[in-house]
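Peer 1: I have a structure I would like to understand better, so I am pasting it below and will then ask my questions one at a time.
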Amino acid sequence: MKRWLLFIVCMVAAAQAVEPVTVHHGRLPDYIGGEGEGVALQADGRLTLAARLVPVIDLAAERIWSMTSDGKRLVVGTGDEGTVHVVEGDRSVDHFDVPQGAPIALGVGSSGLYIGAGPRGRLLRRGPDGSTEELVVTQSQYIWDVAIDGNGVLLGCGADAQVLRWSRDGTVDTLLNATNDGHVRVLARRGQQWLAGTAVSEGNQDSEGRGRVYELGQNGGRLLLETTYEEVSAMASMGDAVFIAAMTVPSTGTPTVALLRLNADGASYPVWHGTGIWAGLVRDGDDLLAVTREPTRVLRWAADRQTGAVLARSDSVVPGTIAFTDGTLILADAHSGRLWKLDRRRADEGHFDSAVHDAGSVATWGRLSWKGKGNVEILTRSGNSVEPDETWSVWSAVQKDETIRSPSARYLQYRIRLEAGGDSTPSVDRIVFSLRQANLPPRIEDVVTFPYRGGPGALQNPDQIPLPGQHRNNGNELPQRKSLRVLRWKADDPNGDPLLIDIYLRGDGQSHWKLLEEGVERVKTVVWDTEVMPEGITQLRLVARDTESNPGDTALEDSYITAPFTIDNTPPVVQLRLRQQGDDTMIEAQIIDGISALRGARFSLDYDDETTRLAAADGLFDTPQEQLRFTLPPLPPGEHVVSVQAWDELENVGVGQILVEIP
């Protein structure tokens, strides 16, 4: 191997190569992107059969707007024309019509049922005797929430975004007038303070979200939190903390949700986020239940934990609102008049489809294993489109510790089937599979070579070596001859394989490449000395190969040939001749360079540091041979030395001198 590299610089970190990759799924976040039916994701990452979502009653309504509980019975507001049902168990024991509006919000108080009706923003009360009276007509279109407050009722309105308080004496006070918001969507109590959650107005839904939380007081609302979501749709207090369900539902695209925690000291942070639309938050003792649709999830959080659990997932129910009554979670379907409940019994069977795993490129699948118990079946499928479609392979069963049978592809998805029966409840603690990317060729994107013009310190930071043209000698600095050149390349491997670089040279008139250096690794810049290289037009060829990670004929390579460049380390020859023309003393110079075009010349007298720039006879330094003539300034009698320095395009400097005797 020829020792032509003067410095090897700029070590880079080794990248992950095309080696088998092992994927571990065993934490709740590993599964969040998946979908399923009848499978629960526990806080510790286990997958089990989920609690059942079972139908309770069909109220035969086109939609359900609102739902609340008096502890034993459900009160359900349905239909655009407005009907309220009272449900005990699986029976509707009473129902009545709401005049001129839909029952958007419900609240049960000691003196009756309070109804927030829209679209005229009215507060109604249904008394124990069955009579209905109108209490307030607001200036807003809707009353989104009602909350019982001692001898009064709080109303969350929109638009305009206001919180009103109706008292039994008939007076109405404004507690909040949120002029920067569109709607007050939810009211919640923390200790002795009421909180209001808002949504942006319809005209601002395309802007960045500004759903807010206010604390209500005698002097109006104090802003506690401004979210990055469009709407605060639900809140629940647990001790000193408030859990906030925020969401953004764009006109196009995927809706997003987040569960935020707001502490008593004002600090807030996200607990969980995902896709979907919030249906509501309710308390279950010391736990919090949260429900979304699109997809439908029932999640549980303990107040002192950051990690929740997915109790149930379903494609059968699209919840619009929820309630908690007699220890049972009730879900109201947004697209029908059906009520569902979360049963304590587990489903008999269920399945979970993982999020699609992207191998980055086409991959060969290896062994799949899992830890679990009971009746568990694992299946896989693969394809080359981001979303599974008809081009994907069919589901193929995989036995524990067996190689995946799905064909090589870029994407893989697995399905876990759980079925009750046998001696133990089925569950999966973790699932592990391996893959190896198909090898793809490396790519050399660019190669540049140019004369080195830095000081010794630049070699410690080769990326700081300037490219040609980034600095020039000024007119008072004589260029220096340099034999060092910088060779810099940009190469990468789509698999992340470490690359070896082979460098070849071919001179002008040569037909074969000569190997200069083999197996340069983990660098992207070299500085080399061309002093012993043949002079003339030269080209370099770089070959990048991934042989260290890919055995035998599986290794691939790429090559790059540089543009021709010149190696020239010989200075120009300067020949001088003295001529006397009358009283003028003239110097004629012939400058010859064997390789490169000349770029300039200057002269000095008697070794003075001050020099004078000279012009070529034809006006331009652009060939390897140039003539020039210049007249010396008046000189005192005696012997004088005239020095002429000339340099070529590679800044090789040649010097000639002549003695001049002035009588």
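Peer 1: Need one number: nm distance between label points at residue 284 and residue 177, each 7 Å from Cα along Cα→Cβ, rounded to one decimal.
Peer 2: Here the modelled spin labels are 4.3 nm apart.
Peer 1: Return an integer: the convex hull volume of the alpha-carbon atoms of region 89-179, in Å³ per residue.
Peer 2: On the way: hull volume 9.4 nm³, N = 91.
Normalising the Cα hull of region 89-179 by residue number yields 103 Å³.
Peer 1: Let me ask something else about it. Along the Cα→Cβ direction, 7 angstrom out, place labels at residue 592 and residue 521. What is the inter-label distance in nm?
Peer 2: Between residue 592 and residue 521, the simple spin-label model gives 5.1 nm.
Peer 1: Now for a different question. May I ask for the percentage of alpha-carbon pairs in region 35-100 that lie more than 17 Å from each other? Kindly include the intermediate steps, with their values, before the conclusion.
Peer 2: Details: 1156 of 2145 pairs.
The proportion of pairs with Cα distances above 17 Å equals 54 percent.
Peer 1: Can you tell me the dipole magnitude for the chain around its Cα centre, using point charges on the Cβ only (Lys, Arg +1; Asp, Glu -1), in Debye to the nearest 20? Spell out each step's value before the answer.
Peer 2: Working: 64 positive and 91 negative charges, 386 e Å.
It works out to roughly 1860 debye.
Peer 1: Could you work out how far apart the two model spin labels at residue 369 and residue 561 are, taking each label as a point 7 Å from the Cα in the direction of the beta carbon, and quote it in nm?
Peer 2: In this crude label model, residue 369 to residue 561 measures out at 5.2 nm.
Peer 1: For residue 420 and residue 228 in the same chain, what is the full-extension length gain: residue separation times 0.36 nm, less their Cα-Cα distance, in nm? Don't skip to the answer; put the middle values down first.
Peer 2: Numbers: separation 192, 0.36 × 192 = 69.12 nm, distance 4.30 nm.
Separation in residues times 0.36 nm, less the Cα-Cα distance, equals 64.8 nm.
Peer 1: Among 574, 551, 561, which residue has its Cα furthest toward the positive end of the charge dipole of region 550-610, with +1 on Lys/Arg Cβ and -1 on Asp/Glu Cβ?
Peer 2: Farthest towards the positive pole: 574.
Peer 1: To continue, here is another question. Starting from the amide H of residue 50, placed 1.01 Å from N in the peptide plane, find each other amide H under 5 Å away whose residue is 5 or more places distant or on another chain.
Peer 2: HN-HN under 5 Å from residue 50: 39, 40, 347.
Peer 1: How large is the translational diffusion coefficient of region 194-290 in µm² per second when you combine the Kirkwood radius over alpha carbon pairs with Stokes-Einstein at 20 °C and 1.002 mPa s?
Peer 2: Working: Rh = 13.8 Å.
It comes out at roughly 155 µm²/s.
Peer 1: Could you work out the Rg to Rh ratio of region 536-663, with Rh taken as the Kirkwood radius (inverse of the mean 1/r over all Cα pairs)?
Peer 2: Working: Rg = 23.4 Å, Rh = 17.6 Å.
Ratio of gyration radius to Kirkwood radius: 1.33.
Peer 1: For residue 345 and residue 617 in one chain, what is 0.36 nm times their gap in residues minus the Cα-Cα distance, to one decimal in nm?
Peer 2: On the way: separation 272, 0.36 × 272 = 97.92 nm, distance 10.29 nm.
This chain segment gains 87.6 nm when fully extended.
Peer 1: What list of ³J(HN,Hα) values in whole Hz, one per residue of region 570-578 in order, does the Karplus curve 6.51 cos²θ - 1.76 cosθ + 1.60 (θ = phi - 60°) give from phi, with Gly and Pro shown as x?
Peer 2: Each residue's phi maps through the Karplus curve to give 9, x, x, 9, 10, 10, 10, 9, 9 Hz.
Peer 1: Now a separate question. Could you tell me which of 79, 357, 385 has its Cα farthest along the dipole of the chain towards the positive end, charges placed at Cβ (Lys, Arg +1; Asp, Glu -1), taken about the Cα centre?
Peer 2: Of 79, 357, 385, it is 79.
Peer 1: Please list the non-local residues whose amide H lies under 5 Å from the amide H of residue 366, H modeled 1.01 Å from N, same-chain partners needing a gap of 5 or more.
Peer 2: Here 404, 434, 435, 436 satisfy the definition.
Peer 1: Compute the label zone of residue 326 within region 45-88: residues whose backbone N is under 16 Å from the point 7 Å along Cα-to-Cβ.
Peer 2: 54-58, 68-76, 86-88
Peer 1: If each Cα of region 76-232 is one equal point scatterer, what is log10 of I(q)/I(0) from the Debye formula at q = 0.18, 0.21 Å⁻¹?
Peer 2: Here log10 of I(q) over I(0) equals -1.05, -1.30.
Peer 1: Calculate, for residue 54 and residue 254, the FRET efficiency according to 1/(1 + (r/R0)^6) with r their C-beta to C-beta distance and R0 25 Å; round to the nearest 0.05. Spell out each step's value before the answer.
Peer 2: On the way: r = 29 Å, r/R0 = 1.17.
The formula returns an efficiency of 0.30 here.
Peer 1: Further question: What FRET efficiency do you get for residue 532 and residue 358 if R0 is 41 Å and r is their Cβ-Cβ distance, rounded to the nearest 0.05?
Peer 2: On the way: r = 51 Å, r/R0 = 1.24.
Between residue 532 and residue 358 the formula returns 0.20.
Peer 1: In region 493-595, what is the volume of the convex hull around the alpha carbon atoms, normalised per residue and reported in Å³? Please report the intermediate quantities before stating the final value.
Peer 2: Details: hull volume 14.8 nm³, N = 103.
Spelled out: Cα convex hull of region 493-595, divided by residues, is 144 Å³.
Peer 1: Using only C-alpha atoms and all pairs of different ones, pull out the Kirkwood radius for region 312-429 in Å with one decimal.
Peer 2: Details: mean 1/r = 0.0595 Å⁻¹.
Computed over Cα pairs of region 312-429, the Kirkwood hydrodynamic radius comes out at 16.8 Å.
Peer 1: Roll a 1.4 Å probe over the protein heavy atoms and report the accessible area of residue 492 in Å², nearest 10.
Peer 2: Rounded to the nearest 10, the figure is 70 Å².
Peer 1: What FRET efficiency comes out for the pair residue 514/residue 446, r = Cβ-Cβ distance, R0 = 30 Å, nearest 0.05?
Peer 2: Between residue 514 and residue 446 the formula returns 0.85.
Peer 1: Follow-up. What number, rounded to the nearest 500 deg cm²/dmol, is the helix-based mean residue ellipticity at 222 nm of the chain, given -39500 (n - 2.57) per DSSP H run of at least four residues and division by all its residues?
Peer 2: Numbers: 1 runs with 4 residues, N = 663.
Helix-only estimate at 222 nm: 0 deg cm²/dmol.
Peer 1: Pairs of Cα atoms under 8 Å, at least six residues apart: use those to get the relative contact order of the chain, whole percent.
Peer 2: Values: 1830 pairs, mean separation 80.2, N = 663.
The value is 12 percent.
Peer 1: Could you give the size of the charge dipole of region 496-573 about its Cα centre, using +1 on the Cβ of each K and R and -1 on the Cβ of each D and E, expressed in debye and rounded to the nearest 20? Can you show the working numbers first?
Peer 2: Details: 6 positive and 15 negative charges, 35 e Å.
So the dipole magnitude of region 496-573 works out to roughly 160 debye.
Peer 1: Extension gain residue 139-residue 263, at 0.36 nm per residue separation less the Cα-Cα distance, in nm?
Peer 2: Working: separation 124, 0.36 × 124 = 44.64 nm, distance 3.36 nm.
Length difference between fully extended and current span is 41.3 nm.
Peer 1: Over 12 Å, how big is the tail of the calculated P(r) for region 306-359, in percent of all Cα pairs? If you can, show how the numbers build up before the last one.
Peer 2: Numbers: 1064 of 1431 pairs.
Percentage above 12 Å: 74.
Peer 1: I would also like to ask the following. How many angstrom lie between the Cα centre of region 77-144 and the Cα centre of region 480-515?
Peer 2: 81 Å
Peer 1: Here's something else I'd like to know. Pairwise over distinct Cα atoms, reciprocal of the mean inverse distance: report the Kirkwood radius of region 245-325 in Å, one decimal place. Let's see the in-between values first.
Peer 2: Details: mean 1/r = 0.0752 Å⁻¹.
By the Kirkwood definition, the hydrodynamic radius is 13.3 Å.
Peer 1: Okay, which of region 137-163 sit inside 18 Å, backbone N to the point 7 Å along the Cα-Cβ direction of residue 110?
Peer 2: Inside the label zone: 147-154.
Peer 1: Moving on to the next point. Treating cross-link reach as a plain straight distance, find the aspartates and glutamates whose alpha-carbon is under 16 Å from the alpha-carbon of residue 341, omitting any fewer than eight places away in the same chain.
Peer 2: Correct list for residue 341: 37, 58, 88, 90, 284, 315, 326, 333.
Peer 1: Here's a follow-up. Please state the charge dipole magnitude for region 9-125, taken about the Cα centre, from unit charges on C-beta atoms (+1 on K and R, -1 on D and E), reported in debye and rounded to the nearest 20.
Peer 2: Value, rounded to 20: 420 debye.
Peer 1: Which aspartates and glutamates does residue 373 reach when only Cα atoms under 13 Å apart count, and residues fewer than 8 places away in its own chain are ignored?
Peer 2: 419, 423, 429
Peer 1: Return the long-range amide H neighbours of residue 135 (sequence gap of 5 or more, or a different chain), with a cut-off of under 5 Å between placed amide H atoms.
Peer 2: Answer set, sorted by chain and number: 123, 124, 125.
Peer 1: Hey, another quick one. More than 37 Å apart: what percent of Cα pairs in the chain qualify?
Peer 2: Working: 132616 of 219453 pairs.
Tail of the P(r) past 37 Å holds 60 percent of the pairs.
The values are calculated or read from the model by the stated rules, or taken from the named source; none is laboratory data. Just so it is clear, the structure is predicted and the values come from calculations on it, not from any experiment. Please note: Cβ atoms are built from the backbone with ideal geometry, for glycine as well, and neighbour counts cover all protein chains shown. We work out accessible area using only protein heavy atoms, side chains counted, and drop any ligands, DNA or RNA first. Shrake-Rupley method; radii C 1.70, N 1.55, O 1.52, S 1.80 Å.
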